[in-house]
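Enquirer: First, the structure itself, so that you have it in front of you.
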Amino acid sequence: MSTPDASLNTQVTHLYQSQSRWLHGWLRSRVNCQHLAADLVQDVFIRVLTTVDGAAKLTFVREPKGYLATIARRLMIDRMRRANLEKAWLQALAEQPEAFHASPEHHLALLETLYELDAMLAALGDMVRKAFLLSQVDGMPYKSIATELGISEMSVRRYITKAAEHCMIYSLSHGL
């Protein structure tokens, strides 16, 4: 590990230890969901870790709460935009006639996305991939997935966590 990375890791570790509890409370009061708040806290610190020249930027932060709150606000806005876009997309699909056919460009874009997803999921073990797809694509609860796959609910939780972590690392390393 290079010196700047070590410095950034040390700075972020200290920042996390001193501010994560506060940030979680701040977010929880705004999103009204403990789990979403926890996800956003992690997203904030991932953003801090992946910022270009992060160590240098953190050196100049005088108000860590303000800095973290600004990042969190931006992430909440991004999340809201994605949710609105997804809602609009689903509504538009529902309103399309059954005979609707995608343009060749749209079809190609969908295929490229599917290929990228396939490549991302290919590195996962069979059970991990099945559990992840049942959760994310079919929207099945963990208990139902456990029954479907004949495994414990705790194993389902571990598999989903492993798959989500893999997808995040894959996305970051491939610029997605």
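The values are calculated or read from the model by the stated rules, or taken from the named source; none is laboratory data. What you see is a predicted model; the values in this text were computed from it and never measured. Cβ: placed from backbone, ideal geometry, glycine included. Neighbour counts: every protein chain shown. For the accessible areas, the whole protein counts, side chains as well, though only heavy atoms, and no ligand, DNA or RNA atoms are used. Shrake-Rupley method; radii C 1.70, N 1.55, O 1.52, S 1.80 Å.
Enquirer: Collect the residues in the range 32-56 that are without any contact (Cβ under 8 Å) to a residue 24 or more places away in the chain and among the acidic types (Asp, Glu), keeping them in residue-number order.
Expert: Matches in the range 32-56: Asp39, Asp53.
Enquirer: Restricting the range 127-165 to residues that are β-branched (Val, Ile, Thr) and either at pLDDT below 90 or more than 19 Å from the chain's Cα centre (by Cα) (or both), which is least open to solvent (accessible area, probe 1.4 Å)?
Expert: So the first thing to find is which residues in the range 127-165 are β-branched (Val, Ile, Thr), and the list is 128, 137, 145, 147, 151, 156, 160-161.
Restricting the remaining residues to those that are either at pLDDT below 90 or more than 19 Å from the chain's Cα centre (by Cα) (or both) gives 137, 145, 147, 151.
Working: Val137: 106, Ile145: 0, Thr147: 112, Ile151: 42 Å².
Among them, the one singled out is Ile145.
Enquirer: Considering only residues that are over 15 Å from Arg74 (Cβ atoms) and of a type outside the set (Gly, Ala, Ser), look in the range 43-56 and name the one that is least open to solvent (accessible area, probe 1.4 Å). Can you show your working first?
Expert: At the first step, the residues of the range 43-56 found to be over 15 Å from Arg74 (Cβ atoms) are 49, 52-56.
Checking the rest, the ones that are also of a type outside the set (Gly, Ala, Ser) come to 49, 52-53.
Details: Leu49: 75, Val52: 108, Asp53: 108 Å².
Of everything passing the filter in the range 43-56, Leu49 is least open to solvent (accessible area, probe 1.4 Å).
Enquirer: While we're here: Between a residue in the range 13-31 that is within 18 Å of Arg79 (Cα to Cα) and any residue that is basic (Lys, Arg) and surrounded by 12 or more Cβ atoms within 10 Å (Cβ to Cβ), which pairs come within a Cβ distance under 9 Å, given they are 6 or more apart or on different chains?
Expert: Leu23/Lys65; Trp26/Lys65; Arg30/Arg73; Val31/Arg79
Enquirer: State whether the residues of the range 75-93 include one that is at pLDDT 85 or above and surrounded by 13 or more Cβ atoms within 10 Å (Cβ to Cβ).
Expert: Taking every residue of the range 75-93 in turn, at least one turns out to be at pLDDT 85 or above and surrounded by 13 or more Cβ atoms within 10 Å (Cβ to Cβ).
Enquirer: Looking at the range 121-163, which of its residues are acidic (Asp, Glu) and not in a loop (DSSP other than H, G, I, E, B)?
Expert: Answer for the range 121-163, where residues must be acidic (Asp, Glu) and not in a loop (DSSP other than H, G, I, E, B): Asp126, Glu148, Glu153.
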